[in-house]
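Only one structure is covered here, and it is reproduced in the block below.
Derivation of every value follows stated rules applied to the coordinates shown; laboratory data play no part. Treat the numbers as computed from the prediction; the structure is a model and nothing was measured. As a convention, Cβ positions derive from the backbone with ideal geometry for all residues, glycine included, and neighbour counts pool all protein chains shown.
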Amino acid sequence: MSQPRVRFAPSPTGYFHVGGARTALFNWLFAKRLGGVFVLRIEDTDRERSDETWTAGILDSLSWLGITWDEGPYFQSARRGLYDAATDQLFNSGHLYACDCTREAIDARTKGAATPGYDGYCADRGLARGPGSALRFRVPDSGETVVHDIVRGEVVFANELIEDFIVVKSNGDPLFVLANVVDDRDMEISHIIRADEHLPTTPKAILIWQALGGVALPTFAHVPVLVNEKRQKLSKRRDRVAVQDYRALGYLPEAMVNYLALLGWGPGDDREILTVDELIDEFRLEDVNLSPAFFDEKRLAHFNGLYIRALPVAEFVSRLAPFLDGETAPWPDDRLDMAVVEALAPLLQERIATLAEAAAMLEFLFADPFVPEEASVTKVITNDQSASAILLEAATQFAEIDWTPAALRSAVESISDGLGQRLGKTQGPIRVAAMGRSVGLPLFESLEVLGRARTLARLHEALHRI
RNA sequence: GGCCCCAUUGUCUAGCGGCCUAGGACACCACCCUCUCAAGGUGGAAGCACGGGUUCGAAUCCCGUUGGGGCUGCCA
């Protein structure tokens with residue numbers, strides 16, 4: 001195969017969701033392996049619904065995922081001349097006719113009709129083009145249009161069941177099916193890899209393509225859509241699955257890419273963690289599944305945790321930094337101390353599935369004022385008989401020992417032995433008093449970085465409250 | 001309604017006629033490890049939608065049924 005040219009052609013009518021990202025990824029992987037060209041085209045022919053902010057979100061999300069484009073972004077809104085020229089050609093060659101039927105009139109006429117869709121009322125009226133009338137494509141009454149699809153094989157559509165569809169609105173604006181074909185031809189797209197939802201309209205695209213003539217049809221590959229828990233196609237309006245949201249939650253782009261690649265495709269063996277290079281090397285459209293896949297956040301989180309733990313500590317810290325800073329951080333700006341974060345980073349890495357989870361675990365270090373969680377205080381300190389003795393003894397011993405995790409541990413162990421209870425139980429009141437929560441990073445390492453002065457102050461503060 | 005697509009555990013998948021008493025992973029449960037929580041380890045429960053064919057042999061091929069989805073817009 002000579003150098004393939006693929007395109008990703010989103011419409012900027014809503015936030016960019018993971019389904020679009022998956023389609024983009026499949027296109028990109030396919031192009032990369034074969035040394036092809038990945039074209040990015042923004043399909044903003046619908047002036048009512050398109051918006052620049054959505055475009056920015058698409059570009060931003062693709063960049064974040066590392067899905068780079070070789071050409072574009074092209075904007076259909078800037079390519080109107082091409083569509084007009086194609087419209088002229090098709091109209092002059094008789095493939096298009098003007099139609100001034102209203103939706104209501106069509107519905108009234110076709111109620112109970114044998115063949116679905118538009119009834120061809122204007123097909124032979126010879127109406128002139130112009131404002132107020134749309135342009136319809138004259139679909140052959142017989143024969144069939146076959147879609148040759150890498151993923152699905154041959155899909156056959158009977159022409160008589162395809163209505164004379166509109167390609168240009170009555171205000172002159174081209175519709176998706178026309179602009180899409182004109183651009184794919186103009187950009188010399190060789191492989192159209194897109195979501196399954198487009199399969200039913202593909203014969204229309206093929207008909208237009210052939211009517212325009214001169215350029216060989218591209219190869220199609222319709223990949224299964226991504227669905228929600230109710231197994232409905234992911235929707236921008238209904239489902240909260242924006243790529244940017246996952247980014248904001250602290251998912252790593254490499255984890256997202258890995259996970260997305262495995263939705264509808266697999267390497268053929270038991271491997272699940274694959275580098276981008278491995279994906280590029282092994283991805284095959286022929287191996288893409290046929291059935292819709294559910295986007296499972298739990299599984300994504302698992303992948304993310306794996307990727308977070310695999311990060312070198314320094315890299316982890318630098319990736320984490322943005323999530324501890326700024327308005328989302330639960331502490332004043334000037335309190336953050338990255339040296340302290342770095343000291344606890346390895347312990348943190350093992351405990352979070354997303355970067356945004358780190359803040360809650362570090363809050364005891366930077367929060368100002370420090371306020372222990374009420375429910376934990378009640379449960380582990382107020383309602384526990386031995387809590388005051390533990391806190392008092394800890395405060396006494398902590399004032400004198402070496403300030404190291406090992407010394408802290410043996411101090412608490414001695415208190416534990418004296419009480420005849422497990423270390424796990426004894427550390428509870430101390431943890432809540434000093435760290436504010438009953439769960440979190442390991443106690444002794446945490447106290448070490450908290451420092452003796454603050455630890456003692458918090459133990460005494462807790463004692464006062466009892 | 002019509003057309004089209006799809007169908008392996010709750011989920012993502014391996015399987016492309018014998019290697020399958022169906023493999024891996026997420027989630028779930030139990031146990032181990034353990035200063036909490038995680039992480040890690042071990043084990044467990046859980047699936048070829050149904051019915052006909054074809055074949056010596058079917059999760060794998062064919063047909064039908066059922067179920068789910070998509071399209072059916074002067075959206076993309």
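Round to the nearest 0.05 the FRET efficiency obtained for A:Glu400 and A:Arg240 when R0 = 56 Å and r is the Cβ-Cβ distance.
0.55
With the cut-off at 1.5 for a/c, could you classify region A:370-466 from its C-alpha gyration tensor as rounded, prolate or oblate? Note, shape of region A:370-466 comes out rounded. Sites count as exposed loop sites when they are chymotrypsin sites (Phe, Trp or Tyr not before Pro), lie in a DSSP loop, and have at most 16 other Cβ atoms within 10 angstrom; the longest stretch of chain A without one is A:122-402.
In debye to the nearest 20, how big a dipole does chain A give about its Cα centre with +1 on each Lys and Arg Cβ and -1 on each Asp and Glu Cβ?
Dipole size: approximately 800 debye.
In summary, the aspartates and glutamates within cross-link reach of A:Lys425, defined as a Cα separation below 12 angstrom excluding same-chain residues under 8 places away, comprise A:Asp384, A:Glu413, A:Asp417.
D by Stokes-Einstein for region A:146-219, Kirkwood Rh over Cα pairs, 37 °C, 0.692 mPa s: 250 µm²/s. When you restrict to C-alpha pairs under 8 Å that are six or more residues apart and normalise by the size of chain A, the relative contact order lands at 12 percent.
Longest span of chain A, sites excluded, free of trypsin sites (Lys or Arg not before Pro) in DSSP loop with at most 14 other C-beta atoms within 10 Å? Answer from the scan: A:285-421.
Of A:Lys32/A:Lys236; A:Lys230/A:Lys298; A:Lys233/A:Lys298, which pairs sit farther than 23 Å apart, going by alpha carbon to alpha carbon? Each step should come with its number before you reach the end.
Values: A:Lys32/A:Lys236 28 Å; A:Lys230/A:Lys298 16 Å; A:Lys233/A:Lys298 19 Å.
Exceeds cut-off: A:Lys32/A:Lys236.
Computed from the mean reciprocal separation of all distinct C-alpha pairs, what Kirkwood hydrodynamic radius does chain A have, in Å?
Values: mean 1/r = 0.0375 Å⁻¹.
Result for chain A, one decimal place: 26.6 Å.
Of all aspartates and glutamates in the structure, those lying under 17 Å Cα to Cα from A:Lys169, and not within fewer than 8 positions of it along the same chain, are A:Glu43, A:Asp44, A:Asp46, A:Glu48, A:Asp84, A:Asp88, A:Asp100, A:Glu104. Isolated cysteines of chain A, defined as having no other cysteine beta carbon under 4.7 Å away, are A:Cys101.
Sparsely packed loop sites in region A:323-386 (the GluC sites (Glu not before Pro) outside DSSP H, G, I, E and B with at most 13 other Cβ atoms within 10 Å) comprise A:Glu350.
Per-residue ellipticity at 222 nm for chain A, helices alone: DSSP H runs ≥ 4 residues times -39500 (n - 2.57), over residue total, nearest 500 deg cm²/dmol? Could the numbers behind the result be given before it?
Numbers: 18 runs with 201 residues, N = 466.
Calculated at 222 nm, the ellipticity per residue is -13000 deg cm²/dmol.
With both residues required to sit in chain A, DSSP beta bridges show an antiparallel share near 50%.
Remark: spin-label model distance A:Arg284-A:Ala453 equals 6.6 nm, labels positioned 7 Å along the Cα→Cβ axis. Each of A:Gln349, A:Thr382, A:Ala105 was scored by the projection of its Cα onto the charge dipole of chain A, and the greatest displacement toward the positive side belongs to A:Ala105; charges sit on the C-beta of Lys, Arg, Asp and Glu. Would you mind checking region A:137-161 for residues with the amide N under 20 Å from a putative spin-label position 7 Å along Cα→C-beta of A:Asp119? Residues A:137-142, A:160-161 fall inside that zone.
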